[in-house]
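Reading through the structure tokens given below for one structure.
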Amino acid sequence: MTDWTSGYVAGIDYTHDFHSQLTPALLGFGAMSQGHRHGLEGNGITYCELGCGQGFSANLLAAANPHIDFHAMDFSPSHIAGARELAQEATLENMHFHERSFGDFGTAPGLPETFDIIALHGVFSWVSEENRQYITRFISQRLRPGGLVYVSYNTQPGWAAAMPLRRLLASRAEQGSGPLTDRIGDAMAFAHQLGATGAAYFGKNPAAAKRLDHMKSMPANYLAHEYFNKDWTPFYFEDLAGE
């Protein structure tokens, strides 16, 4: 693979955020509310997060759930270095980080044979079809029978009105030169200029105009990973379930 990032944003780290949806107790409650036994009580539970970013959620969850063995991976060396440092400072013996790509994560040493929970937040919409295949293959091989998978993603039709906005921003940034943060700033300014001059797209899609206005308060490292990856796919649920 000539591009080690595989089209994903690199050189600008993601934000340090906690995603409560990844919490084992909440995932178990969701399963129970639908009449499924989740088997997440007791010791020996294994949890895997794919594309963990800065690893803040994984570290916090490991601290709050010492009875669960956590593994988390990300391809970014800086993400994993920072995540490991935080785990060491917190003396989390049940937290294991892996600097790996989706393609080779399955061969990482020290992985459990199976996981009770496999989770990924947002990642599925931001990676290539090839990497989505790696992800689904890993799940099929490593999820224990009766295990639980959590996948969040950009959905259709909710993202329909904003798709042209994302395309405009990503295209403008790709055509520019210089650091990504500068190109993101230029793309945002260009989109705001179009809105200010009365572009019909924003007039007919108030949700897109509201989103663009809200994006002004977002830091560049958030915008980079949310909107400026080469691959960016909002899924209809039927299509994602098919994959």
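For Ala189, state whether it is part of a helix (DSSP H, G or I), aliphatic (A, V, I, L, M) and surrounded by fewer than 17 Cβ atoms within 10 Å (Cβ to Cβ). Criteria met by Ala189.
When the residues of the range 113-133 are narrowed to those that are part of a loop (DSSP other than H, G, I, E, B) and touching a strand residue (DSSP E or B) at 6+ places or on another chain (Cβ under 8 Å), which ends up modelled with the highest pLDDT? Only one residue tops the list, namely Thr114. Looking for something in contact with a Ser or Thr (Cβ under 8 Å, 6 or more places away or on another chain), in the same structural domain as Pro145 (by TED's automatic domain parsing) and not hydrophobic (A, V, I, L, M, F, W, C) - is there at least one such residue anywhere in the range 79-90? No, the range 79-90 contains no residue that is in contact with a Ser or Thr (Cβ under 8 Å, 6 or more places away or on another chain), in the same structural domain as Pro145 (by TED's automatic domain parsing) and not hydrophobic (A, V, I, L, M, F, W, C). The residues of the range 8-54 that are at pLDDT 90 or above, within 26 Å of Glu130 (Cα to Cα) and part of a loop (DSSP other than H, G, I, E, B), listed by number, are Gly51, Cys52. Determine whether the range 134-141 contains at least one residue that is crowded, with 16+ Cβ neighbours inside 10 Å and in a loop (DSSP other than H, G, I, E, B). Looking for residues that are crowded, with 16+ Cβ neighbours inside 10 Å and in a loop (DSSP other than H, G, I, E, B), one finds none in the range 134-141, hence no.
Answer yes or no as to whether Ala170 is small (Gly, Ala, Ser) and loosely packed, with under 15 Cβ neighbours inside 10 Å. Answer is no for this residue. Within the span defined as the range 67-77, one or more residues are closer than 22 Å to Glu113 by Cα, touching a Lys or Arg at 6+ places or on another chain (Cβ under 8 Å), assigned to a loop (DSSP other than H, G, I, E, B) and at pLDDT below 90.
The residues of the range 47-91 that are without any contact (Cβ under 8 Å) to a residue 12 or more places away in the chain and hydroxyl-bearing (Ser, Thr, Tyr) amount to a single one, Thr91.
The C-beta contact set for the range 28-46 (first residue without any contact (Cβ under 8 Å) to a residue 40 or more places away in the chain, second residue surrounded by fewer than 17 Cβ atoms within 10 Å (Cβ to Cβ), distance under 7 angstrom, 6+ apart or interchain) comprises Asn43/His67.
Candidates in the range 198-227 are the residues that are assigned to a helix (DSSP H, G or I) and of a type in the set (Gly, Ala, Ser); of these, the one that is surrounded by the fewest Cβ atoms within 10 Å (Cβ to Cβ) is Ala200.
The set of residues from the range 204-222 being farther than 14 Å from Ala191 by Cα and of a type in the set (A, V, I, L, M) comprises Ala207, Met218, Ala220.
Restricting Phe70, Phe56, Phe97, Phe75 to residues that are of a type outside the set (D, E, K, R) and within 23 Å of Pro145 (Cα to Cα) narrows the list to Phe70.
The values are calculated or read from the model by the stated rules, or taken from the named source; none is laboratory data. Since we're looking at a predicted model, the values are computed, not measured. So basically every Cβ, Gly included, is an ideal-geometry build from the backbone, and we count neighbours across all protein chains shown.
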